[in-house]
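Structure first, commentary second.
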Amino acid sequence: MPQMNMIQALNSAMDVMLERDPSVIVMGEDVGYFGGVFRVTEGLQRKYGEHRVLDTPIAEGGIVGAALGRGVNGLRPVAEFQFSDYIYPAFDQIVSELARLRYRSAGAFWSPVTVRTPCGGGIRGGQTHSQSPEGIFTHVCGIKVVMPSNPYDAKGLLIASIEDDDPVIFFEPKRLYNGPFDGTPDKAAVAWKGDPRAEVPEGHYAVPIGKAQIVRSGAALTIVTYGTMVHVCEAAVRDTRLDAEIIDVRSMIPLDVDTLCSSVSRTGRCLIVHEATGFSGFGAELSATIQERCFWDLEAPIERVTGWDTPYPSAFEWDYFPGPARVAAALRRLMSPP
Amino acid sequence: MSTLIDGPQPPSAVGSAGARASRLHIPAVPARPGHRSDFGYLSLSAAGALPRPAIDARAADIGELAAGLVRVLDDDHRPVGPWHLPLEPSVLKTGLRHMLLTRAFDRRMQRTHRQGRISFYIQSTGEEAVSVAQAMALRPGDMLFPSYRNQGLFVARGVPLVDLMCQLLSNRGDMCKGRQLPVMYHSGPARIFSISGNLATQYPQAVGWAMAGAIKGEDHIAAAWIGEGSSAEADFHHGLLFASVYRAPVILNVVNNQWAISTFQGFAGGEQQSFAARGPGFGIPGIRVDGNDFLAVHAVTQWAAQRARANHGPTLLELVTYRAEAHSTSDDPSRYRPRDDYQHWPLGDPIERLKQHLILAGHWTESAHQALSAQLEAQVDSSWAEALAQGTPEQGCSLDRGLMFEDVFKDMPEHLRRQRDALAAERG
């Protein structure tokens, strides 16, 4: 089985889809000749030509608007936003147009656009290259929102997203592009090589949207998380030696409520972890949903560990980032509530 | 032009910078209620005065078309000049019929709103030539991206009035299944895109549609319409930019009806430059055309369509017209412009002008016109009766409320199924 990092896995997903389906096109800033600032689209224009792998102006609203129109006319666009911090100029086209076109036209028109965008911190990117805006988009009706945490899921989920007839916002935790990151910045960087989750088939496969994954089974408590924080939580569990069950949500819309709730009902304790700010974050939705279903099984209040409710601060990155120590402290509180 | 508004005037330059102090320019509004209409600001060219360039002309070489006004019908309703491309009388009569039907439909629906039977309506009175002539100059395979004042596109493409009326009524025949504000129609078979209500969003979408057609090797083109007020939106510029960069086969239309609700076109930037003049800055030809002149609108649209189909790229058309009625049923224009403003509009009424042209040419008569008007009004009446048969407002919502949860996604996810069931339980 070939080994791929997340960049190679995402590249392979687009390569497979461009090869299989002539309606698939890739578009975005710097994605063509240059292959993307993170190299995710490297080599695709050479292979599929300038019409199918298209460099665009720096105009995110125009990119989504044009992608929507292309989708209506039978293409299957994959649009890249260089950083999810730059998604906001396209907000209206995503929220008012892409998400609602099928609904408002009662199915007469729809557009299967996939928006790919790197998100999250840990790369010394400051407040304009580190945000995690996924929660904002989970509040919008009519788009699917996914975020993989490893190369295998990245490729399979991206293929599923491109094949999906609904629009998908595909968040790529950029700190995981080259290797798993457990939230300890002063440790030597780890590559994906050798990690079983970096064993990625060359060909076509899909990871279904809407299915969470139990990445570690356990009986003491349930951690519900996604993206980079999956790896941070694994480290915290190692550090605390607790028998935690870790669930990678993978897909925020649709949400695999059954997998989350059957775990929490079993363990009686739940910690929710994400990198994005906490207030009105996706964790609030997770907490409410789990509480509604699992209240009578709970042994302790559901807790959340998230980024602080501040803009992402450049010089204080590691005070801001919810690292393994903060997660471990929450795990200990959950196991012995006051 | 001095301000017409009483009240506090801006402070004169008495600050520390004295006479050198910065001062803002506030766009002039020609006439407010109680004042005499003044269309002196409107730059007009004589009919027939502007040249008709080759379809591969460079934007920079035909700048006069963006500043002037392409007109074919002169004040005596005679067609003149190089933009007069003779159309068959039958085509002109079809255009007249579509415009008359559009106006009869508008009048009837406006009355229906006043009777409290629909919740909202938008008339296109005075702007019928824009939609009808443009739709007729395009091919059936071309994709149209309308704004909310382009009902003439639906009429010209043969969408049954009863379909539009059912949408206004949100009844069992509603193409939108009760999900859209009245007038936000669409038609898949007629290739007319879903109207959004968010302004100018259709501009980059139309460009994207046209780009896809080119990628697929088709010769269908796209056309989009916005008002001059909406040209202030970022999506207007996105549309022009993408159309320019990739030379997309698209026609981008700005319907300059002078008013964006109460905001005069000067506040959208129309005072210093025409809206058509935005085109040449992007390397796109801009053509300013008399939007109430059916022949001129048809001719420039045909020019732009031929240009697009021959791979010479997009065109920006500014259709100069006047919004004769209120913005919508929720608006009262007598609060912000002279009540009789439209009576002074120098470019007249599009239906009257085409009618007089046909009469002059010996293809039409006053009595034929009366008979056709009566026939179309009867058609509107019978369509309305047919629409009401699919659910009246008095009967309440005739749609299954479960439809609320469909089409959010292609397949209904679990959480929406639960919510649909919860609503059903709530309603018993």
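The values are calculated or read from the model by the stated rules, or taken from the named source; none is laboratory data. Treat the numbers as computed from the prediction; the structure is a model and nothing was measured. Virtual Cβ from ideal backbone geometry, glycine too; neighbours counted across all protein chains shown. Just the protein is used for accessible areas: all its heavy atoms, side chains included, with ligands, DNA and RNA removed. Shrake-Rupley method; radii C 1.70, N 1.55, O 1.52, S 1.80 Å.
Show the residues, 5+ positions off or on another chain, whose built amide H is closer than 5 Å to the amide H of residue A:56.
Answer set, sorted by chain and number: A:28, A:29, A:30, A:31.
State the three equivalent ellipsoid semi-axes of the range A:213-335, derived from the C-alpha gyration tensor as the square roots of 5 times its eigenvalues, in descending order and whole Å. Each step should come with its number before you reach the end.
Numbers: eigenvalues 95, 53, 32 Å².
Result for the range A:213-335: semi-axes of 22, 16, 13 Å.
List, in order, the whole-Hz ³J(HN,Hα) value for each residue of the range B:201-210 obtained from phi through the Karplus relation with A = 6.51, B = -1.76, C = 1.60 and θ = phi - 60°; use x for Gly and Pro.
Result, rounded to whole Hz: 4, 6, 5, x, 5, 5, 5, x, 4, 5.
Return the long-range amide H neighbours of residue B:259 (sequence gap of 5 or more, or a different chain), with a cut-off of under 5 Å between placed amide H atoms.
Excluding prolines and chain starts, which carry no amide H, the hits are B:323.
Which GluC sites (Glu not before Pro) does the range A:1-65 hold that lie in a coil by DSSP with at most 14 other beta carbons within 10 Å?
A:50
Average projected area of the Cα convex hull of chain B, in nm²?
Mean projected area of the Cα convex hull: 25.8 nm².
Just by accessible area at a 1.4 angstrom probe, what is the order of B:332, A:85 from largest to smallest? Mind dumping the intermediate values first?
Numbers: B:332 70, A:85 15 Å².
Ranked list, largest accessible area first: B:332, A:85.
Counting other C-beta atoms within 10 Å, and keeping those with at most 15, which DSSP coil chymotrypsin sites (Phe, Trp or Tyr not before Pro) do you find in the range B:99-149? Mind dumping the intermediate values first?
Details: sites: B:105, B:120, B:121, B:148; in loops: B:120, B:121, B:148.
Answer in residue order: B:120.
Leaving out ligands, DNA and RNA, and with a 1.4 Å probe, what % of the accessible surface on the protein assembly as shown is carbon or sulfur? Present the calculation step by step, with values, prior to reporting the outcome.
Details: 15260 of 30070 Å².
Here it works out to 51 percent.
How much of the DSSP beta bridge set in the protein assembly as shown is antiparallel, as a percent to the nearest 5?
Looking only at bridges with both residues in the protein assembly as shown, the antiparallel portion is about 15 percent.
How large is Rg over Rh for the range A:1-110, taking Rg from the Cα atoms and Rh as the Kirkwood inverse mean of 1/r across Cα pairs? Walk me through the numbers before you get to the answer.
Details: Rg = 14.5 Å, Rh = 14.6 Å.
A ratio of 0.99.
Could you report the accessible area of residue A:15 in Å², rounded to 10, computed with a 1.4 Å probe on the protein chains as they sit in the structure?
Result for residue A:15: roughly 40 Å² accessible.
Quick one: 3J(HN,Hα) in Hz for the range B:407-424, Karplus 6.51/-1.76/1.60 with θ = phi - 60°, rounded, Gly and Pro as x.
For the range B:407-424, the Karplus-derived couplings read 6, 5, 10, 4, 10, 6, x, 3, 5, 6, 4, 5, 5, 4, 5, 5, 5, 4 Hz, x marking Gly and Pro.
From the protein chains alone at 1.4 Å, what is the descending order of accessible area for B:318, B:325, largest first?
B:325, B:318
If I ignore ligands, DNA and RNA and count only protein heavy atoms, how much of residue A:48 is accessible to a 1.4 Å probe, in Å² to the nearest 10?
That residue has around 40 Å² of solvent-accessible surface.
Thinking of the range A:58-128 as a set of Cα atoms, what percent of all their pairs are more than 15 Å apart?
54
For a test of the definition: using alpha carbon positions, the gyration tensor, and the 1.5 limit on a/c, classify the range A:3-199 as rounded, prolate or oblate.
It is prolate, given that a/c is not under 1.5 and a/b is the larger ratio.
For the range A:229-272, what class follows from the C-alpha gyration tensor (a ≥ b ≥ c being the square roots of its eigenvalues): rounded when a/c is under 1.5, otherwise prolate if a/b is larger than b/c, else oblate?
Working: a/c = 3.34, a/b = 1.40, b/c = 2.38.
Since a/c reaches 1.5 but b/c is at least a/b, the shape of the range A:229-272 is classed as oblate.
Once you treat every alpha carbon in chain A as an equal point and sum by Debye, what is log10 I(q)/I(0) at q = 0.06, 0.10, 0.11, 0.14 Å⁻¹?
-0.20, -0.56, -0.68, -1.09
Relative contact order for chain B: what percent, with Cα pairs under 8 Å and sequence separation of 6 or more?
21
I'd like the Karplus ³J(HN,Hα) series for the range B:131-148: coefficients 6.51, -1.76, 1.60, θ = phi - 60°, whole numbers in Hz, and an x wherever there's a Gly or Pro.
5, 6, 5, 5, 4, 6, 7, 9, 8, x, x, 6, 9, 10, 10, x, 9, 7
Return the long-range amide H neighbours of residue A:304 (sequence gap of 5 or more, or a different chain), with a cut-off of under 5 Å between placed amide H atoms.
The answer is A:272.
By the gyration tensor of its Cα atoms, with a ≥ b ≥ c the square roots of the eigenvalues, what is the shape of the protein assembly as shown: rounded for a/c under 1.5, prolate for a/b over b/c, or oblate?
prolate
Restricting the count to DSSP beta bridges whose residues both fall in the range A:213-335, what percent are antiparallel, rounded to a multiple of 5?
Restricted to the range A:213-335, the bridges split so that about 20 percent are antiparallel.
Looking at chain B, send over the antiparallel percent of its DSSP beta bridges, to the nearest 5.
Around 15 percent antiparallel, to the nearest 5.
Report relative contact order for the range A:213-335 in percent, whole number only (criteria: Cα-Cα under 8 Å, sequence separation at least 6).
So the answer I get is 29 percent.
Near residue A:293, within a Cβ-to-Cβ distance under 12 Å, what is the net charge of the other residues, with Lys and Arg +1 and Asp and Glu -1?
With Lys, Arg at +1 and Asp, Glu at -1, the neighbours total -2.
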